[in-house]
Structures are given as structure tokens and as C-alpha cells.
Amino acid sequence: MREKLQTFAGSMMVPIILLVIVGFYVSIASSFTGYILTEGTLLYNLFTVISSIGFMIMRYLPFWFAVGVAFGLAKKEKGWAAFSGLIMFMCFNTVIGTYAGTQGWNMDTVSVSHLVDNLGWAADKAKNFNSLWKDLAGMFTFDMGIFSGILTGVVTSLIHNKWYKKTLPTVFSFFSGPKFVIIMITLISIPLGIAAFYVWPVLAAGLQAMTKFITASGLFGTFLFGATDKALLPFGLHHLIAFPIEYTRVGGVMEIGGQVYEGVRNIIVGQAGSPDATGYIVRNFTTGRILFQFGGLPGAAFAMMATAKPENKKKVASIVIPAALTVMFVGISEPIEYTFLFINPLLYYLIHVPLSGLAYVLTELTQVSINGHALFFMIPNLFQPHKVHALSLFLLVPAYFAAYYFSFKWAILKWNIKTPGRGDEEDEIKFYSKKDYRDKKDGSALANEIVAHLGGPDNIDNITNCATRLRVTLIDPNKRSANNVWVSDLKAKGVVGDGKAIQIIYGPEVSTIATEVKEVLEID
């Protein structure tokens, strides 16, 4: 189960890439059209076009998830899988709308006025039923948000992986392989869509109840989210708790300028694009990251440097300072987190996890309202500074630096934890300085060694990557090299998992490494 969840979480990162672009397009372009430029000028029209692209991506999020998830979960022939995901999504929603029509439902009959005036429904019941439906790219269907894209993407990948190599008799050979998958998708979409017609209203009620629970749980729910998000990071499952809140109605629903936005990240983008918005939502389950990315983790990193042996301090600084800057500028925190996670997990779970949860609580208590949680992603705020309310960060960030610095320093010295620079032998804990990266092996050579240490091409069932890790599914886990070999000989920062599903942590350069490995394996 963990293997499949890890793979699924990784596939979700494919469509999420689009949302990073959306944030910049909408925030920056809308600031020019709303506050700076005069309507009708050439630049105004240009930025209007850019903003419209961003809103278009937002409007059709389910499409991108259908294609992206199918692509990400496919083992081979990923291009065909992505194409199949789009077909499944369109067929699925067409079936829902058509079958609903046979039951007497269309855009007119699901309107609140029709339900109340002609069918005698209570107003609340009518509004709840009406909220289930929408017009999506000309299709009358359920308003499932990205869940429809995720569902159809997952189902498509299952069909694709089962039948993409299907062979048929010679007379039907044209329909073999991926084309057979297309046929099966159009057929399977029928029972899938009809089943969704009956099941989705029940699930939607469950999501509504979950939303009410999160809202009613207040600061406890905020703490629980932040702590759980970090606690799941080592297992590669943290995306599964963050995605529903960030990109679905579980995180809340808000109407902005006549457009309904679901999920806290989507709501923030909507507020960035609205000239009437005076700030961003406070309870957004993201601003807590600012405290441990700007203050906490740099504090922990400098605690490692302070406790290193005198002769090793410069060497430790060569990894601590770049890693701290990376956290603040682009929000990639795993190089620091995995340094103390693998040395002593108690540092991670007894100090970092609870303080992470508390960070979300403090930013919510002090009403922090800002777009982005790392310097790079905060650039749009420069164009709309009047929407930012974050003065408390000038006190909270230094406080978090001090809290992490002194707690980590105390724990390291108290229990003599062998953080970087404190080992008895140079190779006991591996450092990665600038010289290490300059001397790093050629990418193709490293990729060949990675494949060899995974037990060879025939032992690799599937390989993908997220922002910092290679995610590998093996046929026989006993054929791969031990964890310490990956760290000492293959430039990895650590390995997660001990079964068929493992994750090899390489940091931000993992995308290049993954491409090289796939070329060695001759897969797309």
C-alpha cells in the first residue's frame, strides 16, 4: 500500500507544476491591469492576455490532473497514457451528464428556482443539490473539482498498464497495444460514469462534513495539519494530506469576482487576480512554512555548525550556508531535514515536527496574510504589497531561529549526536561541499552505477522522481545495494524504505539524474 501511495503522490506533482506558473501569471499580470496600467493600452492588453492564460489553467484544473496523473502513473508508453487520460476524462463526464439527462436532470432542472418552485424542495436542500452540478467546457456534469481528474487519471493508468502491450489476431492487429487501451477506456467509462452518478453525492456530503470539521477544529486542526505534514515527509506521503486542502473544496470554497475557487492555494490565486481583494486568506495552511524555512531550519543548520569540531567548522559551513539559503529562496527544505533525520530521527520527530505544527498556529494567530512561503514564490507580493499583512513575521522568524538553534544545540550536545563534523572519522558522516559537486561523476556514469546498484535494468519495475528524490519500485529488493553504499559511493543524501518501494534522496538536481537514468533504461 505504501508503495502505491508513494507512486500516486509523485504523479500528483505533474499537474501541480502548472499551478506554480499560474501564481506568477495571475498575480503579476493582474497587478498591472488592476493598479498600474491604463485600460486600452498595448501593455494593458498584453498583461490581460497573460492573466487570462492563468485563469484558464485554473478553470480547467480537472483536465490537467486527468492527463498528468495518467502520465505519472503509467509505466511505459506515457504519451499514449496521457492521451488516454484526456479521453477517459471527457467520456466519464459525458456519461454523467447524459445519464443524468435520462433521470430528468439538466442545467435548468437542477436550478434552485426550479427545485423550490416546481418540485417543492426546501431551500437548503435545493442549494446543496444545485452545488453538485456545473457546466464544464460545455459538458453538464458533476462539480467534482480535481477529484474527477484524479479518478479518471488513476483508472486510465490501471487500464493502460494492464493492456498497453495487448496483442490481437492479425485481422484486428491495428487495434493492438495502446489503441486497445483507448477502446477499453471508452467502454469502461460507461459503468464508471453511471456509478459516479450515484456515489458522488454521498462523497460530496462527506467532503462537506470534512470541511466543517477542519473549520470547527480551529487552531488544533491547524497544528494537526502542520505536524502531520512534516511527520509524513520521510515516507513520501506528505503530499496526500496537503493536496486536498490546497486544491480541493476540503480547504474551503470562496466566490471571488463571480468565480468560485476551491482550495486555499486556488483561493489565494483568485485573490491575487481580484482588484477588490484587500488581502489573502489567513487560514491557508501554508504561511506556517515561513517560520521554519526562514528561521527554524537555518537555526538548526547553524546549530550543527556550532557543535562541529573546530577543525571541521569550515567544511560544515560549506554545506550549511548553501542549504539554509536554498530553504529560504526556493523552499526546498529536505537537504537540512534529512541530515538530522537520518542521523537521529528523534531530532526530527521530537523537535522539528511539533515546532512545525506550532508554526502554522502562530501565523494564523497573528493574522499573517501573504502569497508564497519562500522568497522566489513571494515575488508577486512586490506588485501588490497592499494585500500583504505580515508584520508579525519580523518577530516570529527570529524567535523561531533561536528556538531551533538552542533546542538542536542542546540536544546534540546532551546526547552527543553525531551531526556533520562531530564524527570520529571523516567518512562517518558525508559532507557535500562545492568541491564535492565539482568532482561529482559524469551524469551518465552515475546513472549507470545507479541502475547497477538497483540490481540492473531487469530488477527495476518503475522509476519516477519528485522535487528531491528518485522514487523506485523494485522487483527484488534484495538485489539492490545497502543504504550506506548510496551515501558513500553514489552521492545520495539518504535512502527511504526497505522493501520494493524505495526513495533515494539527491536534492534539487534529482531531475537531471532521473533523466539520465531513464536514458540508460531506454524508457520515455
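The values are calculated or read from the model by the stated rules, or taken from the named source; none is laboratory data. Please read all numbers here as calculations on a predicted model, not as lab measurements. Reconstructed Cβ throughout: ideal geometry from the backbone, glycine too, with neighbour counts over all protein chains shown.
At-a-glance table
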| quantity | calculated |
| --- | --- |
| Residue within the range 279-293 that is over 21 Å from the mean Cα position of the chain (by Cα) and not in a helix (DSSP H, G or I) present | yes |
| Hits in the range 75-94 - residues which are hydrophobic (A, V, I, L, M, F, W, C) and more than 23 Å from residue 195 (Cβ to Cβ) | 80, 82, 83 |
| Residue that is modelled with the highest pLDDT, among those in the range 215-241 that are of a type in the set (Ser, Thr, Tyr) and assigned to a helix (DSSP H, G or I) | 222 |
| The range 343-384: number of residues that are within 19 Å of residue 300 (Cα to Cα) and of a type in the set (S, T, N, Q) | 2 |
| Members of the range 304-317 that are surrounded by fewer than 16 Cβ atoms within 10 Å (Cβ to Cβ) and part of a helix (DSSP H, G or I) | 310, 311, 313, 314 |
| The range 77-117: number of residues that are out of contact with any Pro (no Cβ under 8 Å at 6 or more places or on another chain), buried (at least 18 other Cβ atoms within 10 Å of the Cβ) and among the acidic types (Asp, Glu) | 0 |
| The range 463-489, residues that are in contact with an Asp or Glu (Cβ under 6 Å, 6 or more places away or on another chain) and either closer than 13 Å to residue 449 by Cβ or part of a loop (DSSP other than H, G, I, E, B) (or both) | 468, 475 |
| Given (1) in contact with a helix residue (DSSP H, G or I) (Cβ under 6 Å, 6 or more places away or on another chain); (2) without any contact (Cβ under 8 Å) to a residue 24 or more places away in the chain, index of the condition residue 109 fails | (1) |
| Filter result (surrounded by fewer than 20 Cβ atoms within 10 Å (Cβ to Cβ) and assigned to a helix (DSSP H, G or I)) within the range 334-357 | 342, 345, 346, 349, 350, 351, 353, 354 |
| Number of the exception - residue 512 against (1) surrounded by 13 or more Cβ atoms within 10 Å (Cβ to Cβ); (2) not in a helix (DSSP H, G or I) | (2) |
| Residue match in the range 112-126 (condition: aromatic (Phe, Trp, Tyr) and touching a residue at least 60 places away in the same chain (Cβ under 8 Å)) | no |
| Number of positions in the range 41-78 that are within 17 Å of residue 275 (Cα to Cα) and not aliphatic (A, V, I, L, M) | 8 |
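Yes/no matrix, rows are residues, columns are (1) closer than 27 Å to residue 318 by Cβ; (2) modelled with pLDDT of 85 or more; (3) in the same structural domain as residue 330 (by TED's automatic domain parsing); (4) exposed (fewer than 15 other Cβ atoms within 10 Å of the Cβ):
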position	(1), (2), (3), (4)
431	yes, no, no, no
453	yes, yes, no, no
459	no, yes, no, no
463	no, yes, no, no
474	no, yes, no, no
478	no, yes, no, yes
502	no, yes, no, no
